[in-house]
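Encoded as structure tokens, the structure appears first; notes follow it.
The values are calculated or read from the model by the stated rules, or taken from the named source; none is laboratory data. As the structure is a computational prediction, the values presented were derived from the model and not from experiment. Note: ideal-geometry Cβ built from the backbone for every residue, glycine included; neighbour counts use all protein chains shown. Keep in mind that these areas ignore ligands, DNA and RNA; they rest on the heavy atoms of the full protein, side chains included. Shrake-Rupley method; radii C 1.70, N 1.55, O 1.52, S 1.80 Å.
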Amino acid sequence: MAIKRIILLLTAVFLLYNLEAHLRFEVSFPLPEQSGIEIYNQFLSSLQSGVIQKRSTMLRSKYDLVNTEEENIRFSREGGRLYLTYQHRYPAVFWSWPTPNYYDSDRYYYQLKGDWFYDRFGYFDDQVRLGYFSIPPEVLDGLSLTKDLVELSGDGYRITLVAEDESGSVHNEIVMQASADGIIHRIVISQYGDKRDGGQRPLLGRHTIHYSHVNQQVPIKKPKGLSTRI
């Protein structure tokens, strides 16, 4: 019974989170001369510091809600070097955030059972480079962009991208909210499966990315107890 209650609670939270993701966007007016993917790429290339919060929920089975993941990333580029802290949790299991991992451009440090280690094989370097700041690579890589729409929305822009494979069985919709100066504040990614009878696609997963303190001063503190001499 306890497991059923947890699943029902997580389902309710997801539905509210799903509704909020769609309703917070305002009425929009198309801007056909603009390219959403260009605005997105320019934003990524301009990122020097900020705080990024990510949430990912898959919906292939009712138990996937328990595996909802959250990430918290603080980063700053200083003098050609990148400093960041990274935290990851499953909120249905752990409500508190763990001790953050730490990256100083030379090494990626992480804590395991109270002891500190550093990545000797470059795995985390690749993760930092590929996906820490952006849309997960699998959402766009190897797919064709079948929709690129920019609309005037409030004081900024609403950007809608759709990426599909050749058969159309993979259908990813990306909706972004950006300010007038091109700073993206929120991204909602919906992953859909192949069409069923009636033409409807099942929702397989949803990811959200929130950016804050973009290119502002973001102090990156080395976690307590970490010695970079290990």
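What the table shows:
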| quantity | calculated |
| --- | --- |
| Close pairs (9 angstrom Cβ cut-off, 6 or more residues apart or separate chains): touching a residue at least 24 places away in the same chain (Cβ under 8 Å) in the range 153-170, surrounded by 13 or more Cβ atoms within 10 Å (Cβ to Cβ) and aromatic (Phe, Trp, Tyr) anywhere | Ser153/Phe25; Gly154/Phe25; Arg158/Phe25; Ile159/Tyr40; Leu161/Tyr40; Val170/Tyr192 |
| Filter pass, Leu152 being touching a helix residue (DSSP H, G or I) at 6+ places or on another chain (Cβ under 9 Å) and either under 30 Å from Ala180 (Cα atoms) or surrounded by 17 or more Cβ atoms within 10 Å (Cβ to Cβ) (or both) | no |
| Residue that is surrounded by the most Cβ atoms within 10 Å (Cβ to Cβ) [pool: residues in the range 29-61 that are over 14 Å from Gly131 (Cα atoms) and of a type in the set (D, E, K, R)] | Glu38 |
| Criterion (without any contact (Cβ under 8 Å) to a residue 40 or more places away in the chain and hydroxyl-bearing (Ser, Thr, Tyr)) met by exactly one of Tyr63, Tyr132, Tyr90, Tyr118 | Tyr90 |
| Residues located in the range 67-84, provided they are assigned to a loop (DSSP other than H, G, I, E, B) and aliphatic (A, V, I, L, M) | none |
| Residue within the range 56-66 that is among the β-branched types (Val, Ile, Thr), assigned to a strand (DSSP E or B), touching a strand residue (DSSP E or B) at 6+ places or on another chain (Cβ under 7 Å) and modelled with pLDDT of 95 or more present | no |
| Hey, Ser190 among the polar types (S, T, N, Q), in contact (Cβ under 8 Å) with a residue 24 or more places away in the chain, closer than 24 Å to Val214 by Cβ and open to solvent by less than 80 Å² (accessible area, probe 1.4 Å) or not | no |
| Some residue of the range 219-227 being assigned to a loop (DSSP other than H, G, I, E, B), under 24 Å from Thr68 (Cβ atoms) and either in contact with a Phe, Trp or Tyr (Cβ under 8 Å, 6 or more places away or on another chain) or open to solvent by less than 70 Å² (accessible area, probe 1.4 Å) (or both) | no |
| Residue that is surrounded by the most Cβ atoms within 10 Å (Cβ to Cβ), among those in the range 118-134 that are aromatic (Phe, Trp, Tyr) and farther than 24 Å from Ser56 by Cβ | Tyr118 |
| Criterion (among the acidic types (Asp, Glu), outside any helix (DSSP H, G or I), open to solvent by 30 Å² or more (accessible area, probe 1.4 Å) and at pLDDT 95 or above) met by exactly one of Glu173, Glu166 | Glu173 |
| Residues satisfying the stated conditions in the range 188-218, i.e. over 17 Å from Glu138 (Cβ atoms), at pLDDT below 95 and part of a strand (DSSP E or B) | none |
| Residue under evaluation Ser76, criteria (1) surrounded by 13 or more Cβ atoms within 10 Å (Cβ to Cβ); (2) under 22 Å from Ser56 (Cβ atoms); (3) touching a Gly at 6+ places or on another chain (Cβ under 9 Å), criterion not met | (2) |
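Each row is one residue, and each column tells you yes or no for (1) on the phi < 0 side of the Ramachandran plot; (2) assigned to a loop (DSSP other than H, G, I, E, B); (3) open to solvent by 50 Å² or more (accessible area, probe 1.4 Å).
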{"residue": "Tyr86", "(1), (2), (3)": "yes, no, no"}
{"residue": "Ser96", "(1), (2), (3)": "yes, yes, yes"}
{"residue": "Trp116", "(1), (2), (3)": "yes, no, no"}
{"residue": "Glu138", "(1), (2), (3)": "yes, no, yes"}
